[in-house]
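The values are calculated or read from the model by the stated rules, or taken from the named source; none is laboratory data. Everything numeric here is computed off the predicted structure, so don't read it as measured data. Using ideal geometry, Cβ is built from the backbone for each residue, glycine included, and neighbour counts are taken over all protein chains shown.
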Protein chains: 2
Amino acid sequence: MALKPVTRKSVSDQVFDQVLGEVVDGGLAAGEQLPSERQLAEVLGVSRPAVREALQRMAQTRLVEVRHGGGATVRDFRKYGGLDLLPRLLVRDGGVDPAVARSVVEARTSVGPIIAALAAQRGGPALTGALEDVIARLAGTTDSQTWQELALEYWDVVVDGADSIVYRLMFNGLRAAYEPAIPALALALAPEVGQVEPYRLLAAAISAGDPATARAAAERVLAPTNSSLMTAFTALSNPEGEQA
Amino acid sequence: MALKPVTRKSVSDQVFDQVLGEVVDGGLAAGEQLPSERQLAEVLGVSRPAVREALQRMAQTRLVEVRHGGGATVRDFRKYGGLDLLPRLLVRDGGVDPAVARSVVEARTSVGPIIAALAAQRGGPALTGALEDVIARLAGTTDSQTWQELALEYWDVVVDGADSIVYRLMFNGLRAAYEPAIPALALALAPEVGQVEPYRLLAAAISAGDPATARAAAERVLAPTNSSLMTAFTALSNPEGEQA
DNA sequence: GTTGGTCAAGTGGTAAGACCAATTTGAATG
DNA sequence: CATTCAAATTGGTCTTACCACTTGACCAAC
């Protein structure tokens, strides 16, 4: 029997999630007004400060614009949303959105090798220890969830070694989107467990300071993951009343 | 005489900016605790709800972790921050951080052509009208600031045509970082004004549905902008008491 | 007809105070 | 030294009151 910690969700978190859902899924068009803070507080049965906290966070996502005396106006989330919106877009209607999943996979495929090449160029031998440490831990696990978490850690080292704050921040956003999904994906990604060799080859290329080889090796690391990911996402997708 | 709208800054905005500054620039290490809400309210001379709003927003950035009864704990902003942090990192100590600027430019250089190729592949002729509209407006302006805004609009069309939500959301984050800097950069980027041809060539490649040509054309669009950007960023950088 | 001024209603922004919930800390005890 | 428990601290929520801004209506002056 697996006991999980009980996680309490604050009132303002719940308000935020509901408002976010309305903006992303509720058919609200850009330019429409949300109900006033007082109305939301009444309808949701909570206090106005809780609503305010949620709405200030919504404003920070750029998905709504809040003006003093003017209410909250909805913006087009596709035009203004940041990577933090990704988990929300990935899982909709109880399943995975295939188009979103595909775009995640293809962005990994394209940007991953670029980052690996930069890591080889700029990090090179200095990354050896950290990469080998993660690889040793990868080699020592048979648990798929742990494997995925370690694979992320591996890429954390690589993107750090790339010495590019933009890629670092992008990775952070993508990781934040991916991490909560690991438990759901772990079963489908189980065939990956134990395939340490591609990670070793990439680490060797990075340590050798060879960008071109690192780029190719990164593609080899990502290719099987990518197809497993697409398989997993497809299994989790919900085109017609199929529950994951 | 140029009149600008007066912008008021709310108390919670001011608190947020100060706390963010402490976290990013104040020498706080990951794991350190921020002062309690009550302390912050007293020190800053504001109410506790205003502090709460700011801290809930900070928690949303992932740069701090707020636990009930446990206070707010600082996280490593490099490891947890998202692209929204970019403007903050780009401009520090009254000047531009050259490493951040470089990473912005190189990410554009790498990811831009990828996006353009996808737009050619997936948008193709359907993007013709929108691209030509922006190009006509580019051709009709001699104002550098307007030019930069239109260039962003051009790329907005391209990234939309790429039909990849991940790139879309990344672009949104980068644009949010770039837009406030346009007025400061416009003077240095003035030599770009009038050079419509590369944009026309890229639009033609996209409309023709030719990914390889679009990729190469995007590189040609970005190359002069990149060097101008680096020049501009260098002029704005502040290694030793030089004020932009 | 246009412009400026005033007012009311509605909405966002702020504060004070009270109280509950979770965590941390320190003292007492075995 | 380990455990237990109470107190202190901190976050979370709510109520109430009031201020600041926006919008629209209406009226007066030009």
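Going through region B:26-39 one residue at a time, which ones are part of a helix (DSSP H, G or I) and either in contact with a strand residue (DSSP E or B) (Cβ under 9 Å, 6 or more places away or on another chain) or more than 13 Å from DNA strand C (Cβ to nearest atom) (or both)? Give the steps one after another, and end with the answer.
Filtering region B:26-39 for residues part of a helix (DSSP H, G or I) gives B:37-39.
Within region B:26-39, B:GLU37, B:GLN39 meet the criteria.
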Of all residues being basic (Lys, Arg) and either more than 10 Å from every other protein chain (Cβ to nearest Cβ) or near DNA strand D (Cβ under 7 Å from one of its atoms) (or both) in region B:49-74, which is surrounded by the most Cβ atoms within 10 Å (Cβ to Cβ)? Just the residue, please. B:ARG52
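Can you tell me which of B:ARG52, B:ARG57 is free of Cβ contacts under 8 Å to residues at least 24 places away in the same chain, of a type in the set (Lys, Arg) and either assigned to a loop (DSSP other than H, G, I, E, B) or within 16 Å of DNA strand C (Cβ to nearest atom) (or both)?
When all the criteria are applied, what remains is B:ARG52.
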When residues of region B:98-123 are limited to those that are under 17 Å from B:LEU185 (Cα atoms), within 14 Å of the chain's Cα centre (by Cα) and in contact (Cβ under 8 Å) with a residue 40 or more places away in the chain, the one nearest to the other protein chains (Cβ to nearest Cβ): B:VAL104
Members of region B:75-88 found to be assigned to a helix (DSSP H, G or I) and either within 20 Å of A:LEU85 (Cβ to Cβ) or more than 8 Å from chain A (Cβ to nearest Cβ) (or both), listed by number: B:PHE77, B:TYR80, B:LEU83, B:ASP84, B:LEU85, B:LEU86, B:PRO87, B:ARG88
From A:VAL74, A:VAL19, grab the single residue that is of a type in the set (A, V, I, L, M), away from DNA strand C (no atom under 11 Å from the Cβ) and within 23 Å of B:LEU55 (Cβ to Cβ). A:VAL19
Looking only at region A:162-187, count how many residues are hydroxyl-bearing (Ser, Thr, Tyr) and crowded, with 23+ Cβ neighbours inside 10 Å. 2
Of the residues in region A:162-189, those that are assigned to a helix (DSSP H, G or I), facing another protein chain (nearest Cβ under 8 Å) and in contact (Cβ under 8 Å) with a residue 12 or more places away in the chain come to A:TYR167, A:MET170, A:GLY173, A:LEU174, A:ALA176
Name the single residue that is surrounded by the fewest Cβ atoms within 10 Å (Cβ to Cβ) among those in region A:107-161 being closer than 30 Å to B:ARG168 by Cβ and of a type in the set (Lys, Arg). A:ARG122
If we scan region A:54-76, do we find a residue that is modelled with pLDDT of 95 or more and more than 22 Å from B:GLY173 (Cα to Cα)? no
Filter pass, B:ASP17 being within 25 Å of A:GLY69 (Cβ to Cβ), within 14 Å of chain A (Cβ to nearest Cβ) and more than 15 Å from DNA strand D (Cβ to nearest atom): yes
I need the full set of residues from region A:148-161 which are more than 13 Å from chain B (Cβ to nearest Cβ) and either without any contact (Cβ under 8 Å) to a residue 24 or more places away in the chain or not β-branched (Val, Ile, Thr) (or both), in order please. A:GLN148, A:GLU149, A:LEU150, A:ALA151, A:TYR154
Would you tally the residues in region A:9-60 being farther than 16 Å from B:ALA59 by Cα and of a type outside the set (Ser, Thr, Tyr)? 31
If I filter region A:60-74 down to residues being touching a residue at least 40 places away in the same chain (Cβ under 8 Å) and part of a strand (DSSP E or B), which single residue comes out as farthest from the chain's Cα centre (by Cα)? A:THR73
Hey, among B:ALA223, B:ALA176, B:ALA205, B:ALA216, which residue is at pLDDT 85 or above and under 19 Å from B:ALA130 (Cβ atoms)? B:ALA205
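Return the residues of region B:26-48 that are in contact with a Leu (Cβ under 9 Å, 6 or more places away or on another chain) and more than 10 Å from DNA strand D (Cβ to nearest atom); say none if nothing qualifies.
B:LEU28, B:VAL46, listed by residue number.
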